[in-house]
1. Assign unit charges at the C-beta atoms only (+1 for Lys and Arg, -1 for Asp and Glu), then state the dipole size of region 277-551 relative to its Cα centre in Debye, rounded to the nearest 20.
2. I'd like the Karplus ³J(HN,Hα) series for region 211-225: coefficients 6.51, -1.76, 1.60, θ = phi - 60°, whole numbers in Hz, and an x wherever there's a Gly or Pro.
3. Quick one: which of 343-349, 209-215, 323-329 comes out on top by average Cβ neighbours within 10 Å, and what's the full order, highest first?
4. How large is ³J(HN,Hα) for each residue in region 459-465, as worked out from phi by the Karplus curve 6.51 cos²θ - 1.76 cosθ + 1.60 (θ = phi - 60°), to whole Hz, x for Gly and Pro?
5. Among the listed pairs 135/203; 91/269; 91/208; 184/328; 203/517, which are separated by more than 24 Å between their Cα atoms?
6. Apply the Karplus curve 6.51 cos²θ - 1.76 cosθ + 1.60, θ = phi - 60°, to the phi angles in region 391-406 and return the couplings in whole Hz, x for Gly and Pro.
7. Rank-order 252-258, 66-72, 494-500 by packing density, defined as the average count of other C-beta atoms within 10 Å over each peptide's residues, highest first.
8. Round to the nearest 10 and give me the degree value, 0 to 90, for the angle of helix 530-542's Cα axis relative to the longest principal axis of the chain.
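Since every read-out is calculated from the coordinates, none of them should be taken as a lab result. Small disclaimer: the values here were computed from a predicted structure and weren't measured. Note that we place each Cβ from the backbone using ideal geometry, even for glycine, and neighbour counts take in every protein chain shown.
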Amino acid sequence: MSVKKEDQKTGQRSIQMLENVKIRLEKIKLPKLNFNKDETLPCETEVERIQPYDVAVHGDIVTFQGLPGYVELERYWVNEPFSFISIQFNKSNDDYVYCIVEPELTPFETTLIHDIYERSRDLLSYDDLVDGADKKDILTRTVKKIIDNYILNFDVKSFHKILYFMIRNNIGFSRIDPLIRDDKIEDISCSGPNIPVYLYHRKYENIKTNIIFEEEELNSFIFLLAQRSGKNISVAKPYLDATLTDGSRLQETLGREITTRGSSFTIRKFKETPITPIDLIKWGTFNVEMMAYLWLAIENNKSLILAGGTASGKTTSLNAISLFIPHKSKIVTLEDTRELQLFHENWVAGLTRDSFTAGGKGAVDMYELLRQGLRQRPEYLIVGEVRGKEALTLFQAMSTGHTTYSTMHAGSVQAAINRLENDPINVPRVMITALDILCVQGAIFTEGKRVRRILNVIEILDLDPESKSLNTLETFTWDPINDDHNVLRESEVMETIKEKRGWNKKQLEQALNRRQKVLSYMVEKNIRDYDSVVTIIKDFQINQERLMKKLMIEDE
């Protein structure tokens, strides 16, 4: 028999098998909302029999030969053994491509996935159909029931491929699910249909992917992202700012109403494991002396603002140094989008809320949230970002003795002060003197790499009685030549702490030195795990001498 005739026979068998499956699928009665668990779904022991895919037994489920003319620089899993990332590079045109590699589906598997989805759509619209069971478990059991009951001797590899895509598309984030899983990515952006999705990679920076949405597909995906965030987007309001289920920040537009190239989205990834002060020291954002200085300042209720440009790492740094807040303190955080993560138990996390109606009723903006937060008598008040009239209330809180921390957009010390004094913030200059420390952080290029650095640490002193200008003191500055931070002058903030605590100069130096030594110990031992860093900082606050002895750190 010729190869051509054999191929025709194989194709006919596949078509016939697919038709048989379709007929059987038509007869499937999927679980309803009020189903009896034992009668309609496989029992828990059956679910446990769904073994993880074994590459050693069944072979690779995903393969990739690379792009023509490109070489592979790096390969790593994001959802082993179903999806990995391959960084491809073409030297001749200096082109990098971030390739998402997933299992390839046969026409039969593609059609089967579609049919299973159509017949389980109602089921997938509910989050909690079984007591204590999650949606992934329900979906897994449903797919297994369909295939076990209506398709005999189904291939193990095909089953796991179908299950992977059903979970990816209906519980995950569809085509960008591998990007969401990749903790090396900071931002994901799509500028429109028929344009590659781009991302910001911690190692390769801005790089395009092999994901390209067609227009109709992209519009549908915009609705999916809105659904995942629990919000709505429409032609009437074709834009959305929201938070995804994993905590990532979403901004998206629909159609060509306000973005002429078509629908678009940007996702700023949420890092599940918070960055620690040790990470920032290792990366060179701060040095040990600066971090010890901030540690002592924060413990002694000095107020601080971190200023910087877009994506300069302001919120990341603010979250990291918040670990120095004494562990028993009452903390209130106020944000538009949940980004701050603290270990403190006595912490109230506030979020603004959009209006429920077109008339704006039911909205809770930052100004109102701040007013309510102050009534909770916080010892430390953290506002994610100041940009409007709430800043005046924030500085009033500083003036009345509340310790406050926040971030703002400004590229320099003078730019930050100008923003505070002018529209729309309008903080009186005399009130700015309630701020103790202003740090300016920037994303800069050094040795061909984009890095984040604290550029200046400024202390706000007082008003000049004659010129009425702000008197400031620059205590730390970044040296771009050596990529290091220099101490410029003795700190007035440290001097006020010394006086308030009744210390002499030697005791102040000891307080700073101890913190420097503990930080240096964690840097040298590469202790960067969040829980470990928190434990050491907390133990230091409880009993400094005991911790120093436990870690065998010499205490002069």
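1. 760 debye
2. Calculated HN-Hα couplings, in order: 9, 10, 8, 7, 4, 5, 5, 5, 4, 5, 5, 4, 5, 4, 4 Hz.
3. 323-329, 209-215, 343-349
4. 9, 8, 9, 7, 9, 5, x
5. Too far apart for the 24 Å limit: 135/203; 91/269; 184/328; 203/517.
6. Karplus-based 3J(HN,Hα) across region 391-406 equals 4, 5, 5, 4, 6, 5, 5, 4, 5, 9, x, 7, 7, 10, 10, 6 Hz.
7. Peptide ranking by packing, descending: 252-258, 494-500, 66-72.
8. 30 degrees
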